[in-house]
Amino acid sequence: MRNIFIIWRKELKDALRDKRTLMAMIVMPMVLMPLIIIGMFKLIDYQMQQAEKQVVKVAVENKKNDSDLVEFISSQENLEIVNISLDLEAAVKEKAVDLAIIVPEDIEDRIKKQEVIKIEVIEHSLNDRSDIALGKVNQAVTAYNKQVLESRFKDQGISGNILSGVVIEKRDVATKEEIGGFGLGFLLPLLIVMWANVGGQYIAIDVSAGEKERKTLESLLLTPVKRLEIVFGKFLAVSTSALTSVVISLVSIYIAINQFGFKIEENIDKSVQNTASGAGGFAMDFSIEPAALLVIFAVSILLVLVFSAILLSISIFAKSYKEAQNYLGPSYMIIILPVVIVNSIPNFKPPLALFAVPAVNTILLFKEILVGAYDWGHIAITVGSLAISALLAIWTATKIYSNEKVLFRV
Amino acid sequence: MLMNNRESLIQVNNLSKKFNGFVAVDSISFETKAGEIFGLLGPNGAGKTTTLRITSSILQPTSGSVEVCGCDVVKDSQKVRENIGILTTEIGVYDRFTGRENLAYFGELYGLGREQLDDRIEVLSKLLDMQEFLDRKAGTYSTGMKQKLAIARSIIHDPQVVILDEPTTGLDVLASLTVVDFMRMEKKAGKSVILSTHRMSDAEKLCDRVAIMHKGKLIDLDTVKGLLRKTKTVDLEEAFLKMINNK
Ligand SMILES: Nc1ncnc2c1ncn2[C@@H]1O[C@H](COP(=O)(O)OP(=O)(O)OP(=O)(O)O)[C@@H](O)[C@H]1O
Ligand SMILES: [Mg+2]
């Protein structure tokens, strides 16, 4: 036990003096993740605002007749009616205007005579702004249409309400906690899985392949310390580093959300109305139940142990820093992939067997727990599978440290 | 000589080592005693380092056996490692640690207590003339400083058997002399010292007995005087060349 502690302490001390390890273990999880996530949300927010702010130009033929319809269109926000001397189609094609409308000259007459009015619209479907302009014109036309119809009905002595046959009123039964949990169910596993890997990678390589490359391994193996103790000390150092990264990344994300947070819109209806102009909104509550937190924390620790053991085994096998990096580099993808896949399947009902697959089971379990569904069977299988995997990986690492062929591989 | 009455600390019996079929060590036998410096000489690739690695339990023998202080290197490797201190050619030190921290780490792993360790570090740093740079980060050391640190590290636990594989490579005349003096002291203290080197002058000065290895085989084992007599030469270098060329 004493030897394990000595080795653990030495490896951590060594790691803390190494800029690379320090970066991966502490600085990156502290700064990078919140930056990426806040940056992402800010960018989306910014784009939405930009889209709203954009003034689209619409050319109208026969503007001179000054009909109510043109008035309606020009009263749309961020829409400008422009005069154009060119051929309309050419103007749209050359993007001098975003949209062109041809209003029949006799529109007022036709309204009076209660005839069908046809408006021609010229758009450029490859121009985003053209789409936006079309949406705005559509809204104006719908509103105008309603007015015209109402007045027609009124002329016949019928109430305008007749036009509102069916209306939709929306209510979301998902609570804010559930929506928040769903968001976390995406974010948390990604963070934990990612930092359990990244936070342990550098130190894992440094204490094994690094030691081999710097030629200090042989003198370590010459001490009377048992191989299992050496591996355990190193393994615990890797786990400590990985766990530190996970905790730091979670704490910094939490602070980031609280401090700079996403604008959490209280009123869902409002955001639904806003979607017409392109603005979305979240209504999330990121609070987690204590019980869920406990399970998540316990499972995270187990996951960190599994990853650390696997990282260590692989980098012990490698003969140099570079070789280890080549092995571990792509391991990201293998680990992140299941998260992305599981997250992208809507209403995914995982078969029980998936809870026996390390990493994947963690993602699935977190998703369940974060929306308040506790399945003790799933929890037991996950915990058991992670524990067995960790032990297996440590045992493998010890075997490798006892194999002279690998140790003196050239 | 009275050597035969002394305690035998290393016994190598018919030791062979193969690397994927290549015979690096070919059934060699010898023993070393307490209070003697035993030389292991041979050209590059003769199998010296391999023999010493097996003796220190880092490599497994393919056949034959080695005993250190009465313990088998395979069955009782932990005991062997407690009693042996070996400096291999593969020196590396923890660059981000100071010399003192390097020594302390290994001292702790050898089970030394705090006070014992501090004393031992004091003694070794004086003996190998390391005080000046002991508290600097080892990454800033010169080759010679690293070599001294590596020597100190290998004997931090004051072992009964001291194996030095080319200890003076990279050392200047002064530093080499320090190491030579150190070996004499260990001999006087009743340790068994094995020296593997390419510097014939060192071997001639220091070694009580010398084993000559060539292509994995032990071609002769005798006192320096005995070897000179057999080959009718006046110094060890000549004797060595003659024996190697005759093979
Ligand atoms: N891990 C290994 N795998 C394969 N072959 C090896 C290994 N270690 C040593 N050898 C081979 O065994 C032979 C003996 O090597 P060894 O290092 O024991 O020689 P040496 O006498 O110490 O030589 P030098 O004076 O150059 O240090 C060499 O041919 C070497 O290539
Ligand atoms: Mg050698």
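The values are calculated or read from the model by the stated rules, or taken from the named source; none is laboratory data. Treat the numbers as computed from the prediction; the structure is a model and nothing was measured. In this analysis, Cβ positions are derived from the backbone assuming ideal geometry, glycine residues included, and neighbour counts consider all displayed protein chains. Note: areas computed on protein heavy atoms with side chains; ligands, DNA, RNA excluded. Shrake-Rupley method; radii C 1.70, N 1.55, O 1.52, S 1.80 Å.
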### Task
Test each condition in (1) open to solvent by 20 Å² or more (accessible area, probe 1.4 Å); (2) farther than 19 Å from B:Ala189 by Cβ for B:Leu15 and report the one that comes out false.
(1)
### Query
Could you list, in sequence order, the residues of the stretch A:309-334 that are closer than 25 Å to A:Glu368 by Cβ and surrounded by 19 or more Cβ atoms within 10 Å (Cβ to Cβ)?
A:Ile310
### Message
Being within 16 Å of ligand 2 (Cβ to nearest atom) and modelled with pLDDT under 95 is the requirement here; does B:Ala150 meet it?
### Response
yes
### Query
Can you pull out the residues in the stretch B:26-56 that are polar (S, T, N, Q), within 15 Å of ligand 1 (Cβ to nearest atom) and within 14 Å of the chain's Cα centre (by Cα)?
B:Thr49, B:Thr50, B:Thr51, B:Thr55, B:Ser56
### Query
If you scan the stretch B:82-109, which residues turn out to be closer than 19 Å to B:Leu195 by Cα and within 16 Å of ligand 2 (Cβ to nearest atom)?
B:Ile86, B:Leu87, B:Thr88, B:Thr89, B:Glu90, B:Ile91
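Can you pull out every residue in the stretch A:382-410 that is away from ligand 1 (no atom under 16 Å from the Cβ) and open to solvent by 60 Å² or more (accessible area, probe 1.4 Å)? Before you say what the answer is, go through the steps one by one.
At the first step, the residues of the stretch A:382-410 found to be away from ligand 1 (no atom under 16 Å from the Cβ) are A:382-399.
Matches in the stretch A:382-410: A:Ile388, A:Leu391, A:Leu392, A:Trp395, A:Lys399.
Out of the strands (runs of 3 or more DSSP E) lying entirely within the stretch B:26-98, which hold 1 or more residues that are without any contact (Cβ under 8 Å) to a residue 60 or more places away in the chain and open to solvent by less than 50 Å² (accessible area, probe 1.4 Å)? Outline the logic, then answer.
Values: elements: B:36-41, B:63-68, B:84-87.
Result: B:63-68.
Restricting to the stretch B:145-188, count the residues that are part of a helix (DSSP H, G or I) and more than 28 Å from B:Gln78 (Cα to Cα). Lay out the reasoning, then the answer.
Residues of the stretch B:145-188 that are part of a helix (DSSP H, G or I), as a first pass: B:145-154, B:173-188.
Now restrict to residues that are more than 28 Å from B:Gln78 (Cα to Cα): B:145, B:173-178, B:180-181.
Selection size over the stretch B:145-188: 9.
Residue by residue, here is whether (1) within 11 Å of chain A (Cβ to nearest Cβ); (2) out of contact with any strand residue (DSSP E or B) (no Cβ under 8 Å at 6 or more places or on another chain) holds:
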| site | (1), (2) |
| --- | --- |
| B:Asn13 | no, no |
| B:Thr51 | no, no |
| B:Ser56 | yes, no |
| B:Val66 | no, no |
| B:Arg100 | no, yes |
| B:Tyr105 | yes, yes |
| B:Glu115 | no, yes |
### Query
Among the numbered criteria (1) touching a residue at least 12 places away in the same chain (Cβ under 8 Å); (2) away from chain B (no Cβ under 14 Å); (3) open to solvent by less than 60 Å² (accessible area, probe 1.4 Å); (4) under 40 Å from the mean Cα position of the chain (by Cα), which single criterion is violated by A:Asp14?
(2)
### Query
Just a yes or no: is a residue in the stretch A:18-39 surrounded by fewer than 19 Cβ atoms within 10 Å (Cβ to Cβ), without any contact (Cβ under 8 Å) to a residue 24 or more places away in the chain, within 14 Å of chain B (Cβ to nearest Cβ) and within 38 Å of the chain's Cα centre (by Cα)?
yes
#### Entry: Members of the stretch B:12-25 found to be within 8 Å of ligand 1 (Cβ to nearest atom) and assigned to a loop (DSSP other than H, G, I, E, B), listed by number
B:Asn20
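What helices (runs of 4 or more DSSP H) completely inside the stretch A:121-226 contain at least 2 residues that are within 14 Å of another protein chain (Cβ to nearest Cβ) and among the hydroxyl-bearing types (Ser, Thr, Tyr)? Before you say what the answer is, go through the steps one by one.
On the way: elements: A:128-155, A:176-207, A:209-213, A:217-222.
Once the helices (runs of 4 or more DSSP H) in the stretch A:121-226 are filtered for at least 2 residues that are within 14 Å of another protein chain (Cβ to nearest Cβ) and among the hydroxyl-bearing types (Ser, Thr, Tyr), nothing remains.
Would you be able to tell me the number of residues in the stretch B:73-94 that are more than 7 Å from chain A (Cβ to nearest Cβ) and under 24 Å from B:Glu132 (Cβ atoms)?
2
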